[in-house]
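The block underneath contains the structure these notes are about, expressed in structure tokens.
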Amino acid sequence: MSDRPVDLHGDSVFLKKARTSALPMFEAEVDGLSELRATNTIRVPDVLACGVADGESYIALERLTFETPTTETERRLGKRLADLHRHCESRFGWFRDNTIGPTAQKNGWLDNWADFFRDRRLKFQLELAVSRGYGDELTEAGAKLVKRLPEIFADYEPDASLLHGDLWGGNWACVNGEPVIFDPAVYYGDRETDIAMTRLFGGFGEAFYEAYEASWPLAAGHEQRCHLYQLYHVLNHLNLFGRSYMSQAKSLLRDLL
């Protein structure tokens, strides 16, 4: 996939292009941005067009001029993310599948969060890792963790909150002093998954976390669940980018076991 700013009908836009078969990925991004925008909580870029042209699929977004975020911007992001998470469904998942990066992300609705995370997230990435040739190093520990999930989620049933789904430091920015989020992997799930992702690769200051906690404190036991939710993303990076993420995956598995 490639992305670059281009001129479309006289307007400066941000254009992402990929092979024709990637159109469903872009269409899911359009739906995800629409779902986030409808909450009127955090700004997202406007979608100008999405389709196929010249043998490539594409999505055209408004081009935003980023600024260096301030402490106040981070504080606003924390508060508004908590507001976003208050938009809930009665079940976990979404009306369509999408992607986490270029990896398929299955979102079929389930009533129980532990079942959803086990089947749609953890087992999916573990099985993908086996297909990539990492089974000897992950299968045994992964199977033990899957069996331990009922214990981890004992007495904990989160709300099915609307999630960004891939909220690392490169997927938010400051525009005119206001936070903007983009490149979502939207679904309804445990709000702690978004917070766990923010802690995985950095890019979020203490003002962000303080504002989020002041608006909606996290539940007891979130520290352990943070490692579990981070494992999903680390396994995805392992499957996408290779063995450099193996040690981090193993470390998280050891902590969880």
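Key figures
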quantity: Any hit, segment 51-69, residues being β-branched (Val, Ile, Thr) and in contact (Cβ under 8 Å) with a residue 60 or more places away in the chain; calculated: yes
quantity: Every residue from segment 85-120 that is within 21 Å of Glu213 (Cβ to Cβ) and within 14 Å of the chain's Cα centre (by Cα); calculated: His85
quantity: Checking Glu213 against (1) of a type in the set (D, E, K, R); (2) out of contact with any Ser or Thr (no Cβ under 7 Å at 6 or more places or on another chain); (3) buried (at least 22 other Cβ atoms within 10 Å of the Cβ), the condition it does not meet; calculated: (3)
quantity: Subset of segment 163-204 (residues that are surrounded by fewer than 24 Cβ atoms within 10 Å (Cβ to Cβ) and in contact with a Cys (Cβ under 8 Å, 6 or more places away or on another chain)); calculated: Val180, Glu192, Ala196, Arg199
quantity: Whichever residue in segment 124-148 is farther than 13 Å from Asn239 by Cβ and without any contact (Cβ under 8 Å) to a residue 40 or more places away in the chain and, among such residues, is surrounded by the fewest Cβ atoms within 10 Å (Cβ to Cβ); calculated: Asp136
quantity: Tally of residues being among the hydrophobic types (A, V, I, L, M, F, W, C), out of contact with any Gly (no Cβ under 6 Å at 6 or more places or on another chain) and part of a helix (DSSP H, G or I) across segment 107-163; calculated: 16
quantity: In segment 196-228, the residues that are within 16 Å of the chain's Cα centre (by Cα) and without any contact (Cβ under 8 Å) to a residue 60 or more places away in the chain; calculated: Ala196, Met197, Thr198, Arg199, Leu200, Phe201, Gly202, Gly203, Cys226, His227
quantity: Segment 96-117, residues that are more than 26 Å from Pro217 (Cβ to Cβ) and in contact (Cβ under 8 Å) with a residue 24 or more places away in the chain; calculated: Arg96, Asp97, Asn98, Thr99, Ile100, Gly101, Pro102, Thr103, Gln105, Asn107
quantity: Given (1) closer than 25 Å to Leu235 by Cα; (2) in contact with a Lys or Arg (Cβ under 8 Å, 6 or more places away or on another chain), number of the condition Phe95 does not satisfy; calculated: (2)
quantity: Filter pass, Ser90 being among the hydroxyl-bearing types (Ser, Thr, Tyr) and surrounded by 17 or more Cβ atoms within 10 Å (Cβ to Cβ); calculated: no
quantity: Residue match in segment 198-209 (condition: over 30 Å from Asn40 (Cβ atoms) and either in the same structural domain as Glu27 (by TED's automatic domain parsing) or at pLDDT below 95 (or both)); calculated: no
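The values are calculated or read from the model by the stated rules, or taken from the named source; none is laboratory data. All values reported here derive from a predicted model rather than from experimental measurement. Positions of Cβ are generated from backbone atoms using ideal geometry, with glycine treated the same way; all protein chains shown enter the neighbour counts.
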